[in-house]
Structures are given as structure tokens and as C-alpha cells.
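Engineer: Please find one structure pasted underneath; my questions will follow.
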Amino acid sequence: MACPLCTACARCSAVDLPCHPAPTERAPAPVRHLHVPKTGTSFAYTLVAHRCGGVLPPEQLFAYLANVSRRGRQAYDLERALIDRARAACEIGRGTRSRIVCGGRLTLPLFGHTPVKRRGNATLVGFFRRPAQRLLSAFYHEKHAVGPSWQRARRDPMYAALNASAWARWPGIAGCQTKMLTGFHCGADVPLTDELVARAVGVLRTRFAFVGLTEEWPRSICLYHAAARSARPLEMEFANANPAHGAVGGATHDEALLEGFVDHADEAVYAAARELFEAHERRVRGGLATNLLSRAFDGNVGLKKPRRVIK
């Protein structure tokens with residue numbers, strides 16, 4: 001049997017990124033996962049394996065994550081286990097509401113689709129996806145969105161009969177990534193104004209230590225490990241823990257089904273995400289240890305504060 005570590009190392013070498021740079025010795029800063037629906041639950045494996053090493057054996061953790069979407073309570077059970085472990089280690093008090101676990105490395109929630117707090121200052125990590133592909137993946141996943149507006153829509157008799165094109169145009173469905181960056185639920189029915197898009201891009205550029213792209217899954221996982229100067233990735237980090245609604249890392253859905261619909265707000269956000277991804281990759285390839293990602297992960301966070309971007 002091939003060595004999983006060696007196989008994973010070969011993946012990173014193939015995209016010309018360091019496989020296992022020297023780990024940092026500084027205390028890491030906590031990061032919080034912004035989990036946009038249909039961008040890749042599998043990234044949770046990388047975060048827990050890297051930020052919470054030793055909590056679960058790798059194979060058990062991956063099997064656990066593979067059941068998250070089908071048995072939603074498991075996600076909350078895992079987060080509860082991380083909290084209990086942190087309290088047992090006296091990392092957080094039993095009477096506190098702190099959500100920072102794993103020795104101060106991770107801020108919960110890890111799962112779910114909790115938007116960015118509009119007045120928060122947590123260091124964020126997350127994946128973004130081409131809007132048309134994300135929309136179609138959500139459509140095939142029972143027209144999946146999040147929030148009270150979506151819950152009300154599901155009770156509308158017309159909703160179940162919508163095709164992909166009509167669903168994408170339904171109030172509150174477009175602009176999911178934009179809305180989550182600005183404090184709204186994915187399915188919130190709010191105006192997608194130029195100001196809102198500018199705020200979303202501002203949050204992306206000022207508060208994210210790592211930006212991955214679902215379409216570039218192997219490159220993103222390698223970049224995460226290289227820029228964070230963590231141990232080499234495991235092969236299972238490149239797998240899809242939830243393959244039921246389209247494979248991670250490929251444009252698998254027929255965009256003609258949208259009949260010309262364009263999610264302009266999320267297209268602008270995705271363009272900014274790709275720009276950040278490519279800039280981070282250039283810095284890592286050049287061996288620059290002062291880039292945003294490594295600073296956030298080695299305890300010397302240097303994120304620039306937005307100039308009243310978040311209101």
C-alpha cells in the first residue's frame with residue numbers, strides 16, 4: 001500500500017508548493033471557518049486535523065465528517081466534544097461562553113453556515129466557489145439555502161416546483177457568498193447593492209488569513225499547509241467527504257440550466273477571492289514568510305483593519 005503522506009506530498013510537488021515546511025514555534029492565533037453552503041465541507045477535516053491534532057484519529061475523523069450532512073447532529077456533537085476537551089484541559093472555564101478551543105487555535109462554529117459577525121474581528125478562513133456552480137450544487141441539494149427567509153420559502157407550494165433557472169431568481173437565493181461576508185444568512189432576502197458587494201470584498205481582503213477555491217481543491221489544500229507551515233497533508237484531505245451533490249474540485253453542473261442567469265454580486269466576490277488566492281500562492285512560491293496567512297497562523301497576526309467597511 002502506498003504511503004498516504006508520500007502520495008499527498010507528491011500532489012503538492014505537482015503544483016510546485018512546499019510539501020512540509022518547518023512548523024512554526026510561535027503560539028498560533030485562533031481562526032474561524034466561514035462555511036458557505038456548497039463550497040466544501042471537506043475543509044473541516046483539514047482544519048480539525050491541523051488545528052486540533054490528536055482529537056480523533058485521521059480515519060475516524062474523516063468517516064465522521066462524511067456523515068455530517070446525512071446526520072446533522074454529528075457536527076454539533078463534534079463541536080461539543082471539542083468544547084468539553086478544552087474545558088477538561090482548563091483552556092476555557094466551565095461557566096464561560098468562549099468558543100475558542102484546541103489550545104486557542106480554533107474558534108467555533110466549525111460547521112453550519114454562520115455568517116460573519118458584522119462587528120466581529122475574528123481571523124477567518126474559508127473556501128469560495130464559482131457562483132453558477134455553487135447555485136446548481138445547492139439546487140440539486142434540495143434547493144439548499146440557510147435562514148428564516150429560506151425556511152418560509154420552503155413552505156410556499158410554488159417553491160418545490162421551481163426549476164434551476166427560476167430557483168436562482170427566487171428572492172434571497174442569489175448572492176449567498178456576498179451576504180454571508182456581510183452578516184446575513186445565505187438565503188436572506190436583502191438588496192444586493194453595490195455598497196453591500198463592496199463591504200463583502202472589504203471583509204474578504206482584510207479579515208481572511210486563508211482563501212481557498214473549490215475549483216482548485218488540491219492546490220488550495222497544498223497552499224493551506226505550505227503557507228501555514230504545518231505538517232504535510234494527508235491523502236484524505238484531497239478527498240470529498242460529501243460527494244452526494246457534485247464532486248469537489250470540478251465544474252460538474254450544466255450551467256445552461258440557469259438560462260442566462262448571472263449572480264453578479266457573488267461573481268464580484270469570487271473574482272476578489274481568486275485574486276487573493278493567486279496572490280497568496282505567489283508569495284508562498286517565493287518563500288515569503290511574512291504573508292498574511294503565515295502571520296495569522298504563527299501568532300503574529302498583522303491583518304489590516306478595514307476603514308469602516310463593516311458597519
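Engineer: Within the range 178-197, track down each residue that is in a helix (DSSP H, G or I), surrounded by 24 or more Cβ atoms within 10 Å (Cβ to Cβ) and out of contact with any Ser or Thr (no Cβ under 9 Å at 6 or more places or on another chain). Reasoning before the result, please.
Structural biologist: Residues of the range 178-197 in a helix (DSSP H, G or I): 178-181, 194-197.
Those left that are additionally surrounded by 24 or more Cβ atoms within 10 Å (Cβ to Cβ): 178-181.
Listed by number, the residues that qualify are T178, K179, L181.
Engineer: Something else: Look at G103 and say whether it is assigned to a loop (DSSP other than H, G, I, E, B), within 26 Å of C222 (Cα to Cα) and either among the β-branched types (V, I, T) or at pLDDT below 90 (or both).
Structural biologist: Numbers: assigned to a loop (DSSP other than H, G, I, E, B): yes; within 26 Å of C222 (Cα to Cα): yes; either among the β-branched types (V, I, T) or at pLDDT below 90 (or both): yes.
Criteria met by G103.
Every residue, every condition in (1) at pLDDT 90 or above; (2) under 30 Å from P171 (Cα atoms); (3) outside any helix (DSSP H, G or I); (4) among the aliphatic types (A, V, I, L, M), yes or no:
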site: R199; (1), (2), (3), (4): yes, yes, no, no
site: G212; (1), (2), (3), (4): yes, yes, yes, no
site: S230; (1), (2), (3), (4): no, no, yes, no
site: P233; (1), (2), (3), (4): no, no, yes, no
site: L257; (1), (2), (3), (4): yes, yes, no, yes
site: F261; (1), (2), (3), (4): yes, yes, yes, no
site: A265; (1), (2), (3), (4): yes, yes, no, yes
site: A271; (1), (2), (3), (4): yes, yes, no, yes
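Engineer: Something else: With respect to V197, determine if the residue is in contact with a helix residue (DSSP H, G or I) (Cβ under 8 Å, 6 or more places away or on another chain), farther than 29 Å from E237 by Cα and in contact (Cβ under 8 Å) with a residue 24 or more places away in the chain.
Structural biologist: Numbers: in contact with a helix residue (DSSP H, G or I) (Cβ under 8 Å, 6 or more places away or on another chain): yes; farther than 29 Å from E237 by Cα: yes; in contact (Cβ under 8 Å) with a residue 24 or more places away in the chain: yes.
Against the criterion (in contact with a helix residue (DSSP H, G or I) (Cβ under 8 Å, 6 or more places away or on another chain), farther than 29 Å from E237 by Cα and in contact (Cβ under 8 Å) with a residue 24 or more places away in the chain), V197 qualifies.
Engineer: Still on this structure, I have one more. Name the residues in the range 167-195 that are out of contact with any Asp or Glu (no Cβ under 9 Å at 6 or more places or on another chain), under 20 Å from H141 (Cβ atoms) and of a type in the set (G, A, S), would you?
Structural biologist: If the condition is that a residue be out of contact with any Asp or Glu (no Cβ under 9 Å at 6 or more places or on another chain), under 20 Å from H141 (Cβ atoms) and of a type in the set (G, A, S), then G187, A188 are the ones that fit.
Engineer: Name the pairs: first residue in the range 271-286 and on the phi > 0 side of the Ramachandran plot, second residue of a type in the set (K, R) and modelled with pLDDT of 95 or more, Cβ to Cβ under 9 Å, at least 6 apart or on different chains?
Structural biologist: If the second residue must be of a type in the set (K, R) and modelled with pLDDT of 95 or more, no pairs are left.
Engineer: Do you know which of the residues in the range 116-135 that are in a loop (DSSP other than H, G, I, E, B) and within 13 Å of C176 (Cα to Cα) is nearest to the chain's Cα centre (by Cα)?
Structural biologist: Of all residues in the range 116-135, those in a loop (DSSP other than H, G, I, E, B) come to 116-122, 129-130.
If we keep only those that are within 13 Å of C176 (Cα to Cα) as well, we get 116, 129-130.
Values: V116: 12, R129: 10, R130: 14 Å.
Among those residues, the one meeting the criterion is R129.
Engineer: Also, I was wondering about something else. Scan the range 147-165 for residues that are surrounded by 12 or more Cβ atoms within 10 Å (Cβ to Cβ) and assigned to a loop (DSSP other than H, G, I, E, B) and jot them down.
Structural biologist: Those that are surrounded by 12 or more Cβ atoms within 10 Å (Cβ to Cβ) and assigned to a loop (DSSP other than H, G, I, E, B): G147, L162.
Engineer: Same structure, new question: If C176 satisfies every condition in (1) at pLDDT below 90; (2) touching a helix residue (DSSP H, G or I) at 6+ places or on another chain (Cβ under 7 Å); (3) not polar (S, T, N, Q) but one, which is the exception?
Structural biologist: The number of the failed condition is (1).
The values are calculated or read from the model by the stated rules, or taken from the named source; none is laboratory data. Since this is a predicted model, take the numbers as computed values, not measurements. Because the Cβ atoms are built from the backbone with ideal geometry, glycine has one as well, and the counts that use them run over all protein chains shown.
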